[in-house]
Amino acid sequence: MDMHKLKAGKNYIVYAIAALALVMLAVLVFLFTVEREVVKVKVEETKHNEMRVVSLENDLIAHTLDGVVSDLKYLSHAFDTALLSSNDYQSVSENWSIFARDRGIYDQIRYIDITGDERIRINLVDGNAYAVPNAELQNKGDRYYFTSTIQMAPGTVYISKLDLNIENGVIEMPMKPMLRIASPIYDPSGKVQGIIVLNYLAQEMLNRFQTFAGNSFGEMVLLNSEGYWLSSENSTDEWHFMFEAQQDDSFANRFPDLWQQIRAGQSQFTTANGLITSHVVQLDETVPDALNVTFGDGEWYIVSMIAADDVYYKVDSSAILKSIIQTNGTLFILLVGISVLTGYLVYLNRKKYNEIKYFSEYDLLTQFYNRRAGYQRIDAIMQEHYRDPIDISLCFLDVNGLKSVNDALGHPFGDELLSTAARLIREHLSESDFAIRLGGDEFLIVFIHKNEEEAEAVWQQIVAAFETINNLEERPYVISLSHGIVILNSSRVMAIDEHLQRADALMYEEKAMLKKDLLIVRSPRRA
């Protein structure tokens, strides 16, 4: 190549780079201008949406509480004469039991006299309501909801703090969020005689709160007056004030500046944390008696948080530019002519990643999870169902006579025994069930939504499949596994290995019984 051609080639490269740079700059300016206008509109839409959602969340809570207050008013007005005129509360108890059963949202309905003694207590258990015998009624004179309500004026309503139900000094599990709504009962002379208390089961209200929170572009939380989470997308943040070890962890402590602005009444503002929208929970003032309701816990706050890394929480030129580069990378790659190569490299990388991921999680011979990956999946399931426990059964397995097969027939036959047993196990598992190879000849089947009896029924089907092969195929060995099944409690913190020790003990009891008459190797190795 002569110098002229070399120079022409260099010029061509320079012109090509310059032209490419100009085209890319023009495209970038165009995309930036368009995206900036889009972001402006999106920001306004986002702000309006969050204001709308927090307001609707307030309406949801207010509507729920208005219904409970109406129930309390009904009971007060309909039965005040009967409560004051006689000490025979049989008729009232019968009516309240029917009311509690039909409504299905009150854990307890009580009438407490001026001394703090319970005169009527209706309990709701598994959908059935019943009156507690007089001998089991208690004095509640020292309870905060009694001392607060007994001093209130006629026609007023007291709504307690929202907390977890406590039985005999211990937080009830599964957790049971509870509100106590009370109103004083006055006689015709204007003298207070007692209070009516409704223990409202608040979980349904909180569930609806989180369901509706899906309409928010960010994270929606409900906070009490001290800045603790009552409801959060991350359920592990909730109810910290009920547990001494977690009382230092609150929204107020994590975000002190935000909490100060929320308490100061700012309904929407932007900080380094993102876009914050808040709303103080208020009952509908158009509802009768709404102004006569007192919140014993102070104000509740509905808060929406859109993270700072969301480009649509404010108009930020640098964030818009970054977003354009990230979302239009393919376009720029096409401009420089290497998109095909990049795609191919990404494909190779992804393929290699999937291979490595598979090898890191699965046992190649059995196609079961390995111990580490299997334990991680069990842990994830337990965490997911910590608050709503499900039946999980662990079936610990040991292949009988694998060493005898390896020694007498060779390792290929031992591998065949393991892979056949694994295949038959997989064929009988449901979509939610899975198996783990713990190592060597030890397996673990994890049955989801199955108790011990249901898991045992599936295992017997697997055993029948083993027996079919043993009877029909002329293999020089018998497929036989010993097993032990235990139930896994998803609401109790307990190491998996502790459960396996119990299952292992059951398995060895079966293995000891099988060894008496079991001959694994049938004949010398086949030619």
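The values are calculated or read from the model by the stated rules, or taken from the named source; none is laboratory data. Being a predicted model, the structure only gives us computed values, none of them experimental. Neighbour counts run over all protein chains shown; Cβ positions are idealised from the backbone, glycine included.
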Scan segment 226-256 for residues that are hydroxyl-bearing (Ser, Thr, Tyr) and closer than 19 Å to residue 296 by Cα and jot them down.
228, 231
Candidates 281, 293, 303, filtered to the one that is crowded, with 16+ Cβ neighbours inside 10 Å, modelled with pLDDT of 70 or more and more than 27 Å from residue 214 (Cβ to Cβ)
293
Residue count for segment 181-211, restricted to those that are in contact (Cβ under 8 Å) with a residue 60 or more places away in the chain and more than 20 Å from residue 155 (Cβ to Cβ)
6
Which one of these does residue 55 not meet: (1) modelled with pLDDT under 90; (2) in contact with a strand residue (DSSP E or B) (Cβ under 7 Å, 6 or more places away or on another chain); (3) not hydrophobic (A, V, I, L, M, F, W, C)?
(1)
Restricting to segment 93-135, what's the tally of residues that are over 22 Å from residue 201 (Cα atoms) and either without any contact (Cβ under 8 Å) to a residue 60 or more places away in the chain or polar (S, T, N, Q) (or both)?
6
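Specify the residue that is farthest from residue 86 (Cα to Cα); the eligible residues are those in segment 119-177 that are in a strand (DSSP E or B) and of a type in the set (Asp, Glu).
Per the stated criteria, the residue is 163.
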Just give me the residues in segment 433-470 being aliphatic (A, V, I, L, M) and either farther than 28 Å from residue 383 by Cβ or assigned to a helix (DSSP H, G or I) (or both), in sequence order.
455, 457, 458, 462, 463, 464, 465, 469
How about segment 468-500: which of its residues are at pLDDT below 85 and not basic (Lys, Arg)?
488, 489, 490, 491, 493, 494, 495, 496, 497, 498, 499, 500
